[in-house]
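The values are calculated or read from the model by the stated rules, or taken from the named source; none is laboratory data. Small disclaimer: the values here were computed from a predicted structure and weren't measured. Here the Cβ is made from the backbone with ideal geometry for all residues, glycine too, and neighbour counts use every protein chain on show.
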Amino acid sequence: MKIFGLAGTHASGKDTIADLLVNKYDYFHVSTGDIFREEATKRYGSIERPVLYKTANEIRNKDGYGAVSFLALQRYEAVKEKFPNGLVVSGFRALEEAKVIKEAGGIIIFVDADADIRFKRLKDRARAEEGELSREEFNNREDAENGQTDPAFNILAIKDIADITINNNGDSIENFKNEVEAALGISG
């Protein structure tokens, strides 16, 4: 049984890695974003970005910056017999969240790509309000996630403690998946 923690820059390929591990290797997947969306819906009936930030901060202020990773591990504990290959936790942005996964014996994977490539991917996939983001808004969001607003949220600090770093600058999803499998030492 393995635990993989996925972190990385916006639109870098985290979901592609999670989908690969789930669909090809039968891992259980917990998205930290999904946890926050569920909780925001319960508390406020909304999943708009400001509400998600508010909800995430409430959870972290109450239970600590690693809280969402503890919740992910608890969710896996309840279903681990059905998913003996392991757990993949994706989308954390706080260093403490990555540390919780490492302390549980997990491997931290950091995925990145050039900003221009990621901005194009973001525009192409047009999730929710992402398709409307200007380049300036994209850059501001990047700055916030790199510790300039709150030092606890620092994706680049997670990169510093990652066990595996993968650059996803190519234009082929299949090549990226092959690179991921090689980096993780798995094959189908």
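Just a few scattered comments:
- Residue ID - farthest from Glu96 (Cα to Cα), chosen from residues in region 27-76 that are buried (at least 19 other Cβ atoms within 10 Å of the Cβ) and touching a strand residue (DSSP E or B) at 6+ places or on another chain (Cβ under 6 Å): Tyr27
- Scanning region 173-188 finds one or more residues that are part of a loop (DSSP other than H, G, I, E, B), at pLDDT below 85 and either surrounded by fewer than 16 Cβ atoms within 10 Å (Cβ to Cβ) or under 17 Å from the mean Cα position of the chain (by Cα) (or both).
Quick grid of which residues meet (1) closer than 19 Å to Ile3 by Cβ; (2) assigned to a helix (DSSP H, G or I):
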site: Ala18; (1), (2): yes, yes
site: Ser46; (1), (2): no, no
site: Glu81; (1), (2): yes, no
site: Pro84; (1), (2): yes, no
site: Gly105; (1), (2): yes, no
site: Arg121; (1), (2): no, yes
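- Just one of (1) under 17 Å from the mean Cα position of the chain (by Cα); (2) outside any loop (DSSP other than H, G, I, E, B) fails for Asp116. It is (1).
- Test set (1) outside any helix (DSSP H, G or I); (2) out of contact with any helix residue (DSSP H, G or I) (no Cβ under 9 Å at 6 or more places or on another chain) - Tyr65 fails condition number: (2)
- Residue match in region 105-119 (condition: surrounded by fewer than 21 Cβ atoms within 10 Å (Cβ to Cβ) and either touching a His at 6+ places or on another chain (Cβ under 6 Å) or over 23 Å from Thr16 (Cβ atoms) (or both)): yes
- Complete set of residues in region 164-181 that are among the charged types (D, E, K, R) and in contact (Cβ under 8 Å) with a residue 60 or more places away in the chain: Lys177, Glu181
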